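Every number in this text was worked out from the coordinates using simple rules, so none of it is lab data. Remember, predicted model here, so these are calculated numbers, not experimental data. Cβ sites come from the backbone with ideal geometry, for glycine too, and all protein chains shown count toward neighbours.
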Amino acid sequence: MSRTSLAALLLGTAVFPAFAFAQPIVLEPITLTADQLSTSQVGVTEDQISDARNGTLKDVFRAEPSVIVGGGMAITERVFVNGIDQQQLSVTVDGAAQNNRMFHHTGTNIIDPNLLKAVTVDAGVAPADAGFGALAGSIAYETKSALDLLEDGQTFGGVVTTGYASNGSTAEGALTLYGRQGPVDAMLYVKRVTGDDYEDGAGDDVDYSGADLDSYALKLGAEMGDWRAEFGLTQVVDDALRPYRANLGGVEGRTNEARRYSLKQTTQTLNLRRLTADGLFDPEFIVTQSNSDLDTYDLNDDGSYSSNYNEGDADTFTIKAQNHFALGMMDVTAGVEHSRSKAIYEGIYNDAYGYYREDVTNTGAYAQARGTYDRFDYGAGVRYDVSRFTGAGGQSVDTEGASANASVTWHATDALKFDAGYSTVFGGTPLAAVYDLYDAYEADDAYDDLTHSRAHNTILGVEWTTGNTTLGGELFRTRLNNTRKKLVTHDVDSEGFRLSARQDWQGGYATLRYSDTDVEVDGGAATTYELLDLGTIPGRILTLEARHEVMSGLELGGVIQHTLDEEATGSDATSDWPSYTVVDVFAEYEPAQYDNVTVRAEVNNLFDRDYIDRASYGGDYAEVYGQKEAGRSIGLSLSVSF
């Protein structure tokens, strides 16, 4: 029996014991909200977020094959949607636009899943109010506040969580305190994760991969009559020795020693909104700042610091004012926003000092309508942005342009619906990756080949529900024109389809998802090197997610991910992509006599698969030692609320 067949059989026997004889149940009616544009919106479920609370973003998205995350460590994780790098999407945390442009050998946003309240991914067609630069869609992360955690009648509470994973001897501890007194509420969160180097599926240590992560959050809220003000601060810190190129095991014939990576990512938000809307007056004012600091320090042979170092700073500051209009069967959100982003590099490389900076300011106005008419749900929006870019030598690239989107969902019958959507998006001239900046960017003609980027997204979908069974499918295409990479531009195409099937039963469900995505650059096949900062090569991915409540308080479940073989077709690729199957299973228990206690046991990579994630860089080069994922790991965690 193959490993794939055995994995499916074991997970099936563990999780589906009641499937065959489950009694039909009546599900709660599903209401399509006006916030959802189409089936292209991937709403991460509460179960998926909860299951990932002791993990990373890779665990949040592991059941969704159209949203894949490369990298074996938190510091190297990169998110790709339909094969497109998240640098080409609008990414926000509590409404704060993220500056994702730092270094192609690290990831982008590090977010603690234990803080997440909701995650929404607009794959392709995104609304006009999702933010500037939503070329290939958007990702919106929303974190918890005290109001989300307090029970009815409760004024103070907390949660203590501790956990241990066998692979890498990784230990973690987290404390959450929250409360409310009169009109004021507050939440404080701290978490520490430490560990040794983990082992891959072959039993070899992955050097300098040990966890060393601190996570913090503060939320303060106050109600003043009809208004609520809320301040939020989240921060993650990873400071440790890492591989010279953090997302790789090494490159043949190149320096592959360790160096120190010091990463700090911070997001601050200030939100003021009206609590009681009167239909035409429902304003919201938002001020945000996101900052990513990454410093690397080379080491001498004796372990001391050499004179070579790199310091990077990527920052975005945004002010937004908008109003929500309730107009009968239609809601309209209209507003203006102004943002300033910068990328700064300073360091000594090969004993030569350099300081380089790029800046972008953008001012945009937008309006997005959402509504329902008869059997149709629709969305349509427009925005206009004026972008001002300043290069490392003071050069200017000023552009402006319009964006538009439209989508419709037709409920042909109570069981069958069809979706269609299209968007054209202006992207301006974005910042370069901070660690790409060097003296060539100061030349007078350095930016002459750059112009504004533009995207075109198209989706067509169908969904059929009968009883407890839901089947769905979607065709998608994204075309990015004049997308910047360093000092040149490229055209990127991503197209493919998604299929899904979900079965609900009394006490559980199972969802099978399949995604087939092809990504090209400048009209031809591309390697992961050619796709740096633009996308990746996901190919064909199949996932099975399932969970079942065996008895009151006890749930079993897991996720199987299977990737199919892919032939490397890029011009200089030297290695094909092998298939792999990874199985993660868990059991979670909440004892009836201690309803404030949750015990969770999980086995990740159950069959100790030795593999490099399909979304990780370098897998199509034999001379590149890709960063392998962790082998089998047994984890235990305990959560106690009070």
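The radius of gyration of the Cα set in the chain, together with its Dmax, comes out at 24.1, 74 angstrom.
So how far, in whole Å, is the C-alpha centre of the range 599-642 from the one of the range 388-466? If we compute the Cα centre of each part, the gap is 32 Å.
Taking the Cα centre of each part, how many Å lie between the range 255-308 and the range 513-563? Distance between centres, Cα-based: 27 Å. Comparing Thr276, Ala380, Gly221 along the charge dipole axis of the chain, the residue lying farthest to the positive side is Thr276, per the Cβ-charge model. Distance between the C-alpha centres of the range 313-365 and the range 202-228: 22 Å, rounded to the whole angstrom.
Note on the chain: dipole from Cβ charges, positive end direction compared against Pro591, Ser571, Ala96; the farthest Cα belongs to Pro591. For the range 239-304, a simple Cβ point-charge model (Lys and Arg +1, Asp and Glu -1, everything else neutral) yields a dipole of about 120 debye relative to the Cα centre. Counting lysine pairs in the range 3-641 that sit 8 or more residues apart in sequence, or on different chains, and whose Cα atoms lie under 23 Å apart gives 22.
Extending 7 Å from Cα along the Cβ direction at Asp522 and again at Ser579 yields two label points whose distance is 3.4 nm.
With the cut-off at 1.5 for a/c, could you classify the range 529-582 from its C-alpha gyration tensor as rounded, prolate or oblate? Verdict is prolate for the range 529-582.
Taking +1 at the Cβ of each Lys and Arg and -1 at the Cβ of each Asp and Glu, which of Asn350, Thr45, Val559 sits farthest along the dipole of the chain towards its positive end, judged by Cα position relative to the Cα centre? With unit charges placed on the Cβ atoms, the residue in question is Thr45.
Using Cβ point charges alone (K and R +1, D and E -1), the dipole size of the chain about the Cα centre works out to roughly 1340 debye. For the range 113-255, the equivalent ellipsoid derived from the Cα gyration tensor has semi-axes of 36, 24, 12 Å, listed largest first.
Summing Cβ point charges (Lys, Arg +1; Asp, Glu -1) relative to the Cα centre of the range 98-217 gives a dipole of roughly 620 debye.
The overall shape of the range 178-248, judged from the alpha-carbon gyration tensor, is prolate: a/c is not under 1.5, and a/b is greater than b/c.
Take the alpha carbon gyration tensor of the range 481-567, find the square roots of its eigenvalues, order them as a ≥ b ≥ c, and report rounded if a/c is under 1.5; if not, report prolate when a/b exceeds b/c, else oblate. Provide the component values of the computation, followed by the final result.
Details: a/c = 3.51, a/b = 3.06, b/c = 1.15.
In terms of gyration-tensor shape, prolate.
For the chain, the mean residue ellipticity at 222 nm estimated from helices alone is -1000 deg cm²/dmol, where every DSSP H run of n ≥ 4 contributes -39500 (n - 2.57) and the total is divided by all residues, rounded to the nearest 500.
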